[in-house]
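J.: Would you mind keeping the following structure in view while I ask a few things?
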Amino acid sequence: MSSPIFLTKNFKNPEAQTYDGYVKAGGYAALKKALTMKPEEIIEEVKKGNLRGRGGAGFPAGVKWGFLPKNYTGPKYLCVNADEGEPGTFKDGPLMEFDPHQMLEGIAITCYATDIHSAYVYIRGEFHKAFRAVELAIEECYAKGIFGPNVMGSNFSLECRPHPGAGAYICGEETGLISSLEGKKGFPKLKPPFPAIKGLFDCPTLVNNVETLACVPHIINMGAEAWAALGCEKNGGTKLYCVSGQISKPGLYELPHSVTLKELLYDHCGGPLSGRTIKAVIPGGSSAKILKAPDEIDVRMDFDSLGKAGTMLGSAAVIVIDDSTSMVRALDNLLRFYAHESCGQCTPCREGTKWISKIIRRVANGQGEIEDLDKILGILTNMVGNTICVLADAAAFPAESFIKKFRPEFEEYIKRGKRMSMTGWREEAVPKAMAGAH
Amino acid sequence: MPKLTINGKELEVPAGTNLIQAAKQVGSEVPHFCYHPGLSVAGNCRMCLVEIEKAPKLQIACNTAVTEGMVVFTESEKVKKARQGVMEFLLLNHPIDCPICDCAGECYLQDYYMAHDKAPSRTEEPKNKKAKAEDIGPHVMLDKERCVLCSRCVRFTDEISKTHELGIFGRGSTEEIDLAPGMRLENDYSGNVVDLCPVGALTDKDFRFKSRPWFLRETNTVCGGCAMGCNIVLNTNLNPYNKVGQKRAYRIYPRENAEVNQFWICDEGRYSYHAIDENRKEGASLSGTPVTLDFGLARFSEGLKKAIAAGADQVAFLLSPQMTTEELTAWKELAAALGVTQVAYGDDIKRTGKADAFLMKADKNPNTAGAAALGIAPAAAPLLAKAADGSLKALVVVDHELANAAELAGKLEFFAFVATHNTPTDKAAHVSLPRAMYVEQDGHFTNVQGKVQEVKKAMEPIGEAKGGVELAAQLSMRLLPVKATA
Amino acid sequence: MITAELKKKFDVLLGYYPADQRQAAVIPLLHLMQDTASGNYLTAESQQLVADYIGMPVSKVHEVVSFYTMLSEKPRGKNHMLVCHTLPCDLTGCSSVVSAIADKLHIHDGEVTKDGKFSMEEAECLARCGEGPVMQIGETVYTHLTAEKTAALIDELARKS
């Protein structure tokens, strides 16, 4: 039943966190091979390998690499997005903590392929251990000639430094990350211009997720076809799936990119907790529209299949909700999250996320009205598509899908007129901190 | 130059023009809060969203440059809904305290609500509370609840005054404009943020509660505070009927002129309007004793006539770079007609003050260049020296404060003064006539760049004051022989 | 006060960025400044020191401090508890962690105990969702928490402080 693993194969080998241990386990062979290839060849391999961006958008990585200007003589940058903050996601932290060199090797190959000589690894501030692991690994890389003026003795030079965040989900948005790296608030930037043209310090910039880069050495080692074959059409390789919530065996799973949600939950994660039934599943991080169980979970966990099913793979963070849990309380939790994380720059998101979170809080406290549900849905139409970045959309997707797919439950909650517990459907007092103004 | 279509109308504009500017040219006003042509693009208010053919989402007009063949709709149903949406979001936490807000009548929220919204409020949630009526500097009050977080004021202090006193602090819907720690809004251009603020978040302490804007008339003129000649609008209220002691001028704010002051004015110029109504010389006087204008003119012309009869070479005119070019011309011609050759405009004794690399000029006179261009001699020193040592019998001074005025009054046989305000020199002079200010007459100033700019009459001269041209005319009627016609 | 030792660290970090982009180092420098300050917070004075050292306006430093949750302008306890309360942890019972802390230490979100040993912040997703409920104190992440485990942990930490 166990399928081949690549991304997590060094996790149980602490030695592999060191340069020597990593090399012993086969590391940096891909970089050596890549340096003998032409940059265009590497980009082709990554395209043929069907590597999709694993930060959330699922954009084909090889295509993204091709957006950088050719024959550009000024500085270009790679920003590694290690700001893992999408609720339910916990794959990039372990990748950095337990196999930092894998990511660094991916960085080196990617930079060589795109003629980038400066990379920053933007690591969320709360990831102290991961930061330390990456920092140490980078020091080793400089000592061993992986980074510096002559990467592995070649003519290719590469500088790479770690950079901490300080607590803001919006810095996971690629231009929010760039603003933060520039020493400002994490305000996403107006697009156009796109980062490939004008990004960090106004220079052409490539932003890639940790996991995406970690795949690159494997594509080079085994070849694009073999990597693609591990997955399904247009979604190559193995994939890291993060499973959390009300499930028997939550955790990080590396599986073929063709596994179905049903297989993931029942064959790998042990199904629901004892005595419970799975009611709903968020398939790709809290910003992904929710799926009803059991009707909608027989879907393949790849970017395109989930897109067709009206939701998305996003960061592959699967959050399981069972029949003990109130969908109203669950939505209240998520809308509070988005209101808290909205950077505040543009009107529809700043005011909209807060407004819908105030409404759902009032509903959750037992003071809601039936009209509030359609009011929320109406507010969403003024948010989606009208903002600088997609955080407004990310708040709208759960709001819309929870209310539309679980409408009877929302109406029952409202009719009851009382605050109910998160799990167990018990009446609760409204906490003092929540009474009165939001 | 790209050709495009906006609301069905074709136009051709230079490459790089944004859609707000382009739409204006076909008579379509795209509403906006954060966009300002003098500042960088922020794109955060989202009010200027417009529909562009082939674009899947609405695009902000302020950050979209025209392209060849672009087809734009600024009044489609989608656009109207988006605008209503933005208005609703902005009004969610807005206190809507128009009855006590200075901005009412010139507020973007009010104007856009009437033009693009008109929907009743749907919110039942408590509004975010923030601090109101905070004194943030010598000239500006901040009301954080009214702020729509457009960031115009922050961009101004970063990009124009470059003094960085303001920022947007916090995150999300509770973020607010505030002063940087330890700072006050104390730069020489602080008043401009009030013009920039589209709502009543930033208001002018000087103007606070003084008048509703719909009672104010607007006159396009030029500031008389220094040689820069920033283009301004002067706000006046001439109703009730202006009597002595009644305020007529209420406010100055800048007018756009790309070549002179762009969109800005310094605080010194902005608040110089007080001088229009304060401490004005409203009537003629003899050594400080008030007399009618007629009497004053009579005494003035008698004294001057006597002095000239004794020898025009012992008479001097000290004119002022405060005068309009027309006033200077009239007095120059009067001097010539009287045979007075010693005429100067006092470049060496004129008012000077603070200067900077931006708009403030050390020369605090609006028409130095105009006076020079007329060929009037600059230096007053030779004339004043002669007056002091007794070789001048008569001196006519316009609007220069002389430290030794009392002494001169004793030495000279005829010491005449023409002034806009009450000063020690005015009191010392034998005869003193009241002059109208630049806002009380039509005329021209030439600024430090050599630009000739129009000043417009916004109100009748105060009391019995008259413009310099008319005063010269009155004197010449009394002093010069009438030329027979035909 | 920026000690000589801190200056050395500052200069290393500043060296990571182009010479005309010194402000890019503001977050790393602020972290150092905060972590070495008593009370683990940033006063207006220390923000001004960082602004001057980098050569950027203090308004921009203050914007950064007010935007990011890890940077604090109020003193924190020696043990600053980040209790995750985002959905996956809420589904697995973070409310019992929050109430355990309230029962034992009588502090809520954003508060510090009188003896300065503990402070608590209800934080958003800490990226350990498979092991929830989760709490992070400094560099250590505590997982699979219950009310009892939380109370025991507090006792242990109180003894050590």
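Any read-out appearing in this document is the output of simple, stated calculations on the displayed coordinates, not a laboratory observation. None of the values given here were measured: they were computed from a predicted structure. Positions of Cβ are backbone-derived with ideal geometry, glycine not excepted, and every protein chain shown enters the neighbour counts.
J.: Show log10 I(q)/I(0) for segment B:123-204 at q = 0.23 Å⁻¹, two decimals, from a solvent-free Debye sum over equal Cα scatterers.
T.: These q points yield log10 I(q)/I(0) values of -1.11.
J.: Which pairs, out of A:Lys189/B:Lys130; B:Lys57/B:Lys80; C:Lys7/C:Lys78; B:Lys24/B:Lys457, put more than 19 Å between their alpha-carbon atoms? Each step should come with its number before you reach the end.
T.: Details: A:Lys189/B:Lys130 27 Å; B:Lys57/B:Lys80 14 Å; C:Lys7/C:Lys78 24 Å; B:Lys24/B:Lys457 30 Å.
From the list (A:Lys189/B:Lys130; B:Lys57/B:Lys80; C:Lys7/C:Lys78; B:Lys24/B:Lys457), the Cα-Cα distance tops 19 Å for A:Lys189/B:Lys130; C:Lys7/C:Lys78; B:Lys24/B:Lys457.
J.: Report, in degrees rounded to the nearest 10, the 0 to 90 angle that the Cα long axis of helix B:468-479 makes with the longest principal axis of chain B.
T.: The two axes meet at around 20 degrees.
J.: What aspartates and glutamates sit close enough to B:Lys361 to cross-link, taking a C-alpha to C-alpha distance under 18 Å and skipping anything fewer than 8 places away on the same chain?
T.: Here the aspartates and glutamates satisfying the reach criterion relative to B:Lys361 are B:Asp188, B:Glu259, B:Asp267, B:Glu268, B:Asp347, B:Asp348.
J.: Hey, another quick one. Based on the Kirkwood radius over alpha-carbon pairs, what is the Stokes-Einstein translational diffusion coefficient of segment A:238-322 at 4 °C with 1.567 mPa s viscosity, in µm²/s?
T.: Calculated translational D: 106 µm²/s.
J.: log₁₀ I(q)/I(0) of chain C at q = 0.18 Å⁻¹, via Debye over equal Cα point scatterers, no solvent, to two decimals?
T.: These q points yield log10 I(q)/I(0) values of -1.04.
J.: So how strong a dipole does the protein assembly as shown carry about its Cα centre when Lys and Arg Cβ are +1 and Asp and Glu Cβ are -1, to the nearest 20 debye? Let's see the in-between values first.
T.: Working: 122 positive and 132 negative charges, 136 e Å.
Roughly 660 debye for the protein assembly as shown.
J.: Given a Förster distance of 60 angstrom, what is the FRET efficiency for B:Val233 paired with A:Lys38, based on the Cβ-Cβ distance and rounded to 0.05?
T.: After rounding, the FRET efficiency stands at 0.40.
J.: In whole Å and largest first, what semi-axes does the C-alpha gyration tensor of segment B:424-472 yield when each eigenvalue is scaled by 5 and square-rooted?
T.: Semi-axes, largest first: 24, 15, 9 Å.
J.: Provide a whole-number value for the mean count of partner chain Cβ atoms within 10 Å of the Cβ atoms in peptide B:83-95.
T.: Neighbouring Cβ atoms belonging to other protein chains average 5 per residue here.
J.: Using Cα centres only, tell me the gap between segment B:385-432 and segment B:249-317 in whole Å.
T.: 15 Å
J.: Can you say what percent of the DSSP beta bridges in chain A, counting only those with both residues inside, are antiparallel? Round to 5.
T.: Bridges in chain A that DSSP calls antiparallel: roughly 45 percent.
J.: If you rank B:Met360, A:Met222, B:Met70 by fewest surrounding Cβ atoms within 10 Å, what's the result?
T.: A:Met222, B:Met70, B:Met360
J.: Among bridges DSSP assigns within the protein assembly as shown, what percent are antiparallel (round to 5)? Intermediate values should be presented prior to the final figure.
T.: On the way: 65 of 111 bridges.
In the protein assembly as shown, DSSP labels about 60 percent of beta bridges as antiparallel.
J.: Normalised by the empirical 2.2 N^0.38 Å for globular proteins, what value does the Cα Rg of chain A take?
T.: 1.01
J.: Name the residues of segment A:347-390 whose amide N is less than 18 Å from a point 7 angstrom out from the Cα of B:Lys80 along the C-beta direction?
T.: So the set is A:382.
J.: I've got another one for you. So what is Rg over Rh here for segment C:79-160, counting just Cα atoms and using Kirkwood for Rh?
T.: Rounded to two decimals, Rg/Rh equals 0.93.
J.: Test of understanding: ordering A:Met103, A:Met312 by Cβ neighbours within 10 Å, fewest first, what list do you get?
T.: Working: A:Met103 27, A:Met312 21.
Fewest to most other Cβ atoms nearby, the residues stand as A:Met312, A:Met103.
J.: Considering just Cα atoms, how many Å³ per residue does the convex hull of the protein assembly as shown enclose? Display every interim value, and only then the final one.
T.: Numbers: hull volume 233.5 nm³, N = 1085.
Here the figure is 215 Å³ per residue.
J.: Let me ask another. If the viscosity is 0.692 mPa s and the temperature 37 °C, what Stokes-Einstein diffusion coefficient in µm²/s follows for segment A:162-286 when Rh is the Kirkwood radius over Cα pairs?
T.: D = 188 µm²/s.
J.: Compute, for segment A:327-434, the length of the dipole vector about the Cα centre, with Cβ point charges of +1 (Lys, Arg) and -1 (Asp, Glu) only. Units Debye, rounded to 20.
T.: Charge dipole of segment A:327-434: 340 debye, to the nearest 20.
J.: Against the longest alpha carbon principal axis of chain C, how many degrees, from 0 to 90 and to the nearest 10, is the axis of helix C:58-67 turned?
T.: For C:58-67 against chain C, the angle is about 20 degrees.
J.: Set Lys and Arg Cβ to +1 and Asp and Glu Cβ to -1, take the dipole of chain B about its Cα centre, and tell me which of B:Tyr35, B:Leu90, B:Thr352 lies farthest positive.
T.: B:Leu90
J.: Same structure again: In debye, nearest 20: dipole of chain A around its Cα centre with unit charges on the Cβ of K, R (+) and D, E (-)?
T.: Computed charge dipole of chain A: roughly 660 debye.
J.: If you average 1/r over all unlike Cα pairs in chain B and invert the result, what Kirkwood radius do you get in angstrom?
T.: 25.5 Å
J.: Please report, in whole Å³, the volume per residue of the convex hull around the C-alpha atoms of segment A:327-434.
T.: Output value, Cα hull per residue: 88 Å³.
J.: Could you quote the convex hull projected area for segment B:362-486, Cα atoms only and averaged over all directions, in nm²?
T.: Average of the hull's projected areas for segment B:362-486 equals 10.2 nm².
J.: Looking only at other chains, what is the average number of their beta-carbon atoms within 10 angstrom of each beta-carbon in B:41-54?
T.: That works out to 3 on average.
J.: Now a separate question. Under the Karplus relation 6.51 cos²θ - 1.76 cosθ + 1.60, θ = phi - 60°, what is the ordered set of whole-Hz ³J(HN,Hα) values for segment A:208-219, x standing for Gly and Pro?
T.: Running phi through 6.51 cos²θ - 1.76 cosθ + 1.60 with θ = phi - 60° gives 9, 6, 3, 5, 4, 5, 5, 6, 4, x, 5, 4 Hz.
J.: Taking the Cα centre of each part, how many Å lie between segment B:1-21 and segment C:64-78?
T.: If we compute the Cα centre of each part, the gap is 48 Å.
J.: Applying a 10 Å radius around every beta-carbon, put C:105-116, A:360-371 in order of their mean neighbour count, most first.
T.: Packing proxy ranking, top to bottom: A:360-371, C:105-116.
J.: Is the shape of segment B:3-92 best called rounded, prolate or oblate, per the rule: a/c under 1.5 gives rounded, else a/b larger than b/c gives prolate, else oblate, with a ≥ b ≥ c the square roots of the Cα gyration tensor eigenvalues?
T.: Working: a/c = 1.95, a/b = 1.35, b/c = 1.44.
Oblate, because a/c is 1.5 or more while a/b does not exceed b/c.
J.: So which chymotrypsin sites (Phe, Trp or Tyr not before Pro) in segment B:123-211 are both in a DSSP loop and have at most 11 other Cβ atoms within 10 Å of their Cβ?
T.: Details: sites: B:Phe156, B:Phe169, B:Tyr189, B:Phe207, B:Phe209; in loops: B:Tyr189, B:Phe207, B:Phe209.
When the chymotrypsin sites (Phe, Trp or Tyr not before Pro) of segment B:123-211 are filtered for loop state and at most 11 Cβ neighbours within 10 Å, B:Phe209 remain.
J.: Moving on. Relative to the first principal axis of the alpha-carbon coordinates of chain A, what is the inclination of helix A:100-114, with its axis defined by its Cα atoms, in degrees from 0 to 90 and to the nearest 10?
T.: Helix A:100-114 sits roughly 70 degrees off the main axis of chain A.
J.: Quick check: pseudo-label points 7 Å beyond the Cα along Cα→Cβ at A:Ile370 and B:Glu68, how many nm apart are they?
T.: 5.9 nm
J.: For a quick size check, give me the Cα extents of segment A:14-229 along its three principal axes, largest first, whole Å.
T.: 41, 38, 36
J.: Take B:Phe33, B:Phe417 and order them by how many other Cβ atoms sit within 10 Å, fewest up front.
T.: With the fewest neighbours first, B:Phe33, B:Phe417 line up as B:Phe33, B:Phe417.
J.: What shape does segment C:4-67 have by the C-alpha gyration tensor, where a ≥ b ≥ c are the square roots of the eigenvalues, rounded means a/c under 1.5, and otherwise prolate means a/b greater than b/c and oblate the rest?
T.: oblate
J.: Relative to the present Cα-Cα distance, how much length would full extension add between B:Lys456 and B:Glu159 at 0.36 nm per residue of separation? Can you show the working numbers first?
T.: Working: separation 297, 0.36 × 297 = 106.92 nm, distance 3.19 nm.
Fully extending the segment from B:Lys456 to B:Glu159 adds 103.7 nm.
J.: Distance cut-off 20 Å, Cα to Cα: go down the list A:Lys129/C:Lys74; A:Lys418/B:Lys127; B:Lys305/B:Lys393 and report the pairs above it.
T.: A:Lys129/C:Lys74; A:Lys418/B:Lys127
J.: While we're looking at this one, here's another question. Have a look at A:His163, A:Asn10, A:Gln367 and report the one farthest towards the positive end of the charge dipole of chain A, computed about the Cα centre with Cβ charges (Lys/Arg +1, Asp/Glu -1).
T.: Towards the positive end, the residue furthest out is A:Gln367.
J.: Per residue of A:201-211, how many C-beta atoms from partner chains lie within 10 Å of its own C-beta, taken as a mean?
T.: Numbers: counts 5, 1, 1, 0, 0, 0, 0, 0, 0, 0, 0.
What the average comes to for A:201-211 is 1.
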